[in-house]
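Working notes for the structure below.
Computed from the coordinates by the stated procedures, all read-outs in this text should not be read as laboratory data. This structure is a prediction, so every number in the text was calculated from the model and none was measured. Reconstructed Cβ throughout: ideal geometry from the backbone, glycine too, with neighbour counts over all protein chains shown.
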Amino acid sequence: MGAGAGTQTSPQQAAEKKRASMANLKHDYAGDMLLAADVGGTSSRLHLFLPPDPHITEVEPLVPLHRMIHSNKYSNSKFDSFTDVVKTFLKEAGMDRPPQLACFAVAGVVVDRTCKFVNRGWVISARQMEADLGIQKVELINDFAAQGYGIISLDPKTECDTLQNVKVREGSPIAIIGAGTGLGEAFATLGANGDYEVWPSEGGHTEFAPRAHGSSQLEYEMIQYLQVKYSARARISVERVVSGQGLSNIYEFLAWKFPEQVNQEVHRRFVGPVEGPRTFDPSVITQAAQSGDCELSARAVELWCGAYGSEAGVVALKYMPFGGLYITGGVTNKMRDFITGQLPTNKKHNSGMSPFMESFFDKGRVTTMLMRVPVFLVRGEDMGERGVMIKAQRQYLESKRKRASAFGAPGFGASPKAVTQTSVESLDVVADDLV
């Protein structure tokens, strides 16, 4: 299907698009416009808006409504390419000329301004889109980096659940971890302009470290099971366990290990209908654990939460994010009540903590350091959209030479006192905890 495949909308979609033309632009408007998009594996969310005042250096956390021009969401399966999505969007917005700058958050690795969507068959090339659409500058950023920029816009008091309520140290590093289709990890530090810049990572692809209570070998056996499933030579990544697919993997292993505990009705819904297709739907496991219908599902959720909390603790050890550790992601939101401990699993924890936080703190000699890390569970699911809009505005100001280039020397332009004090405090914390 081509570019026109996504133009027909249902009444619900029409209501969703009512945000269009909020800026009330005159037909002959000749000023600058910015385009931002959060491009996922299944859908794309696009926003066209007016740029910030070019005389400022710091952008607002959220683009105000009076600067919004048009917004819409599209199903990627209806388009042959992302370029077709953008063309359809700009046509709907009634624009006869392209925006000056575009920033796209893409679900994949960006190499040489290009990203390949393996499951979609798309190749998004910034250079090609500049040529095809006439946009002066197209920038691609990793989708989880966009989530990181979205975190900057949060008010933790109103938009997060606090998992560990300790003082946020202004100017200290921030870390982000998020379970969704995969596992994203990133961190943020003060940049050249004295505000936070986000650095993506592929931390979700590091090795999963099995944990054992006493003589239990369960997680070690799970690793062996997954090595066979994925034909792995010597390792299994954290993402194979801590993600939506990871919950499915855990349940599959437990069903193989303890066949006598399988609830056949739940298992059939998880696997999918006899006639196909096979779905292996992790939401079935979550629902069965919530309702108490399946002990094996509850055990899978508990193991998943423990693995997630453990990896969150690893991230905290690596980045020492005394500015806050933020837990985000689509699957995270669906598992919120388990992560916070509001919904118990089948195991009673003497610590009084949820499996997530119990595993987070289980770090031996440096546990006391983790007690100084503020931990927040993000409620919203629009961090990617927020973040890519923030990044687009910053890039616009950089193009106007009102901001220094995002990735200059670390800390250049930031408050020397803030950077120095943060470094000293971080070193003091480590020294205290290793005594």
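Note: the chain, Cα convex hull, 170 Å³ per residue. Taking the longest Cα principal axis of the chain as reference, the axis of helix 218-229 is set at about 60 degrees.
Per-residue ellipticity at 222 nm, computed for the chain from helices alone with -39500 (n - 2.57) per DSSP H run of at least four residues, works out to -11000 deg cm²/dmol.
To the nearest µm²/s, what D does Stokes-Einstein give for segment 38-141 at 25 °C and 0.890 mPa s, using the Kirkwood radius over alpha carbon pairs as Rh?
Working: Rh = 14.6 Å.
The estimated diffusion coefficient comes to 168 µm²/s.
Average the reciprocal distances over every distinct pair of alpha-carbons in segment 27-99, invert the result, and give the Kirkwood radius in Å. When all Cα pairs of segment 27-99 are included, the Kirkwood radius is 13.4 Å.
Give the peptides 151-158, 228-235 in descending order of average Cβ contacts within 10 Å, highest first.
Details: 151-158: 15.6, 228-235: 10.1.
Descending mean neighbour count gives 151-158, 228-235.
Highest mean first, the peptides 37-46, 301-310 sorted by other C-beta atoms within 10 Å per residue fall in the order 301-310, 37-46.
Output the 0 to 90 degree angle, nearest 10, between the alpha-carbon long axis of helix 244-257 and the longest principal axis computed from the alpha carbons of the chain. With both axes taken from Cα atoms, the answer is about 20 degrees.
With respect to the chain, whose longest principal axis is taken over its alpha-carbon atoms, helix 416-434 is tilted by about 10°. Provide, in order from the shortest bin, the percent of all Cα-Cα pairs of segment 89-228 in each 5 Å bin, continuing until the bin that contains the maximum pair distance. All Cα pairs, binned at 5 Å, distribute as 2, 7, 12, 14, 15, 14, 13, 10, 6, 3, 2, 1, 0, 0 percent. Per the Debye calculation on segment 234-340 with a single equal scatterer at every Cα and no solvent contribution, log₁₀ I(q)/I(0) for q = 0.13, 0.16, 0.23, 0.24 Å⁻¹ amounts to -0.51, -0.73, -1.28, -1.36.
Too long at a 22 Å Cα-Cα cut-off: which of K116/K402; K157/K318; K26/K391; K87/K137? Write down the numbers at each step before the final one.
Values: K116/K402 33 Å; K157/K318 25 Å; K26/K391 26 Å; K87/K137 16 Å.
Pairs exceeding 22 Å: K116/K402; K157/K318; K26/K391.
For segment 297-384, the Kirkwood estimate of the hydrodynamic radius, built from every pair of different alpha carbons, is 13.4 Å.
How many percent of Cα pairs in segment 153-239 exceed 17 Å? Distances greater than 17 Å cover 66 percent of the Cα pairs.
Overall shape of segment 282-332 was characterised from the C-alpha gyration tensor. The equivalent ellipsoid obtained from it has semi-axes of 28, 11, 7 Å, in decreasing order. Sparsely packed loop sites in segment 237-303 (the trypsin sites (Lys or Arg not before Pro) outside DSSP H, G, I, E and B with at most 13 other Cβ atoms within 10 Å) comprise R278.
Note on segment 264-309: Cα Rg divided by 2.2 N^0.38 Å, N the number of residues, gives 1.19.
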